[in-house]
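Step one of this worksheet: look at the structure below.
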Amino acid sequence: MKRTALSAVIAVVVVSSCGSAGEPSLPTSSPSSAVTLPTSSPSAAPSPVTYPPSAVRVVVNGVERPYGTAIAVDGVGGTKVSLTFPFSVERSSVDRWLPRMGSPSWVDDRTVNLTFAETEPNPGFKIPQIISTDGLSSIDLLIVALRYLPSLTLSVYSIDGATAPSGPRASGSWRVPGGPVFAISPEVSRVLFYPVIAGSDAAHVFDLATRTSMELKLPTDSAPYVAGSWLPDGRVLLIGNALWLGRPDKPLARVANLAQVQPLNAAPSPGGTYVAVAGAQAVWLFDLRDGSARVLPGSSGGCGRGFAWSQDEHLLAWIDCATLSVRVTDAVTNRIVRIIDGVANALSGLPTGDFIVTRDSGQQGEGARSLGVVYSFGGTEKERYLGYAWSISADGRYLLNIGSCCAGGPSSSLTDLGTPNAQPIGLPGIASWTADGRILVTSFSRS
């Protein structure tokens, strides 16, 4: 009995000291001191930088231009612009603002080049914001203030080109430096510029093929002029204090003194035999062969609202300034052969051999159009049109409605009279017919 009790006591002690089964004891250690690891502070983020527009290098036609100044170019032969930015550019922030007609071309992420055709009407542009590729740099509102020096843009269209399904296509276009008063030679190869204000540029001829200008040989006191034109044989006619006539490469001759005439307007006959001159007191007829002059009977002066010659040079239609009626005079006999009553505001000849008289249409307010009435030299009314000015092709099929009102600048339209309900085709400027039946469209850019 004693042995059994002792064994039980030992068993209890062993169990107590070993712990419960399935819960092994883990070694313990004394707590150690905490270890602090070295840490680095985060680097500061780069700050966005806004550059001034002057940080962009602007080069026009090979010459660097200071930013903020208006850049005037003549446009002849086209205009080339190069922009170099001070950082690599996110191109999408620039591309959508670059004019497509400038054919933008990137050299790299910093430089873009543009080339404008010489007939492009407005090469200036602006970019609201330019952003760098990393988004940290920008330029706000870059303005490239390009403008043309005073110049004339002229384009020639065939009928097929003007009526092309994709829109009018010119067969030739040019930009010519010069003032707003000009006359274009019948074959569209030269342009005569002449001053109508004293002190303006001298009269000169610009050759479209060679792109060169020739000043006319005239006395310095011959300017200004009220009219200038080309004759079919290539001679130039200028009307000022005298009647000047000659070839552009030779001194012009004084054919007649016009001091007593005080000219307001003039129109040569189709063959270059005569020139009609509207004076302050009367209408005069000058013979360009010998300089002889005569006053048209019954004429009064002071208005100079236009002339129309018959194709055979025998008849001249003009406006009597006292009654504003149209009178037709025989240039050979100097007799009035016909009078067309009614108030005439203007008068011009047509390639068909008829003439058109501008009258009041009765419309009023902005955009009001005039009434154009077509007459034969026999006095028969043939057609009526609404618009501002008109011309009809020699075959009578196409009508040019010339000029426009209000905003957007001058324009014209071409209508096929031989097609029922034909829609007018817009042309970008003042249109007229050439001697060979093409369409000439001109527009003027002021400085």
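State all residues of the stretch 148-166 that are in contact (Cβ under 8 Å) with a residue 60 or more places away in the chain and hydrophobic (A, V, I, L, M, F, W, C); if no residue qualifies, say none. Spell out the reasoning first.
Restricting attention to the stretch 148-166, the residues satisfying the condition of being in contact (Cβ under 8 Å) with a residue 60 or more places away in the chain are 148-159, 162-163.
Once the filter is applied, which keeps residues that are in contact (Cβ under 8 Å) with a residue 60 or more places away in the chain and hydrophobic (A, V, I, L, M, F, W, C), the stretch 148-166 yields Leu149, Leu152, Leu154, Val156, Ile159, Ala162.
Name the single residue that is nearest to Ile439 (Cα to Cα) among those in the stretch 171-201 being in contact with a Leu (Cβ under 7 Å, 6 or more places away or on another chain) and part of a loop (DSSP other than H, G, I, E, B).
Once the filter is applied, the top-ranked residue is Val188.
Output the number of residues of the stretch 383-418 satisfying the condition of being in a strand (DSSP E or B) and surrounded by 14 or more Cβ atoms within 10 Å (Cβ to Cβ).
The first filter runs over the stretch 383-418 and keeps only residues in a strand (DSSP E or B), leaving 383-387, 390-392, 398-402, 412-416.
Going one step further and asking which of them are surrounded by 14 or more Cβ atoms within 10 Å (Cβ to Cβ), we end up with 383, 385, 387, 390-392, 398-402, 412-416.
Total satisfying the criteria: 16.
Could you list, in sequence order, the residues of the stretch 385-415 that are of a type in the set (Gly, Ala, Ser) and under 14 Å from Gly367 (Cβ atoms)? Show your work before the answer.
First, the residues of the stretch 385-415 that are of a type in the set (Gly, Ala, Ser): 387, 389, 391, 393-394, 396, 403-404, 407-409, 411-413.
The answer is Gly387, Gly403, Ser404, Ala407, Gly408, Ser411.
Say whether the condition of being exposed (fewer than 14 other Cβ atoms within 10 Å of the Cβ), within 39 Å of the chain's Cα centre (by Cα) and either over 24 Å from Gly362 (Cα atoms) or of a type outside the set (A, V, I, L, M) (or both) is met by at least one residue in the stretch 309-317. Talk me through it step by step, then tell me what you get.
Looking only at the stretch 309-317, we keep the residues that are exposed (fewer than 14 other Cβ atoms within 10 Å of the Cβ), and these are 312.
If we keep only those that are within 39 Å of the chain's Cα centre (by Cα) too, we end up with 312.
Next, only the ones that are either over 24 Å from Gly362 (Cα atoms) or of a type outside the set (A, V, I, L, M) (or both) stay: 312.
There is at least one residue in the stretch 309-317 that is exposed (fewer than 14 other Cβ atoms within 10 Å of the Cβ), within 39 Å of the chain's Cα centre (by Cα) and either over 24 Å from Gly362 (Cα atoms) or of a type outside the set (A, V, I, L, M) (or both).
Any residue in the stretch 212-235 that's under 13 Å from Leu252 (Cα atoms) and without any contact (Cβ under 8 Å) to a residue 40 or more places away in the chain: show its pairings with residues that are small (Gly, Ala, Ser) and part of a strand (DSSP E or B) at Cβ separation under 7 Å, as long as the two are six or more apart or on different chains.
Here the result reads Ser222/Ala242; Arg235/Gly246, each pair linking the stretch 212-235 to a residue that is small (Gly, Ala, Ser) and part of a strand (DSSP E or B).
Residue check, Pro297 against (1) modelled with pLDDT under 95; (2) more than 24 Å from Pro195 (Cα to Cα); (3) buried (at least 21 other Cβ atoms within 10 Å of the Cβ), all met but one. Which one?
Exception for Pro297: condition (3).
Only one of Ile392, Ile356 is of a type outside the set (Ser, Thr, Tyr), touching a Pro at 6+ places or on another chain (Cβ under 7 Å) and under 27 Å from Arg438 (Cα atoms); which?
Ile392
Check Val328 against each of (1) in a loop (DSSP other than H, G, I, E, B); (2) buried (at least 16 other Cβ atoms within 10 Å of the Cβ); (3) over 35 Å from the mean Cα position of the chain (by Cα); (4) aliphatic (A, V, I, L, M) and name the one condition it does not meet.
(1)
Residues in the stretch 316-323: is at least one part of a loop (DSSP other than H, G, I, E, B), among the aromatic types (Phe, Trp, Tyr), touching a strand residue (DSSP E or B) at 6+ places or on another chain (Cβ under 7 Å) and in the same structural domain as Thr434 (by TED's automatic domain parsing)? Before the answer, list the steps.
So in the stretch 316-323, the residues part of a loop (DSSP other than H, G, I, E, B) come out as 320-323.
Subset that is among the aromatic types (Phe, Trp, Tyr): none.
No, every residue in the stretch 316-323 fails to be part of a loop (DSSP other than H, G, I, E, B), among the aromatic types (Phe, Trp, Tyr), touching a strand residue (DSSP E or B) at 6+ places or on another chain (Cβ under 7 Å) and in the same structural domain as Thr434 (by TED's automatic domain parsing).
The values are calculated or read from the model by the stated rules, or taken from the named source; none is laboratory data. A quick note: this is a predicted structure, and the numbers were derived from the prediction, not measured. Neighbour counts are summed over all protein chains in view; Cβ atoms, including those assigned to glycine, are modelled from backbone coordinates with ideal geometry.
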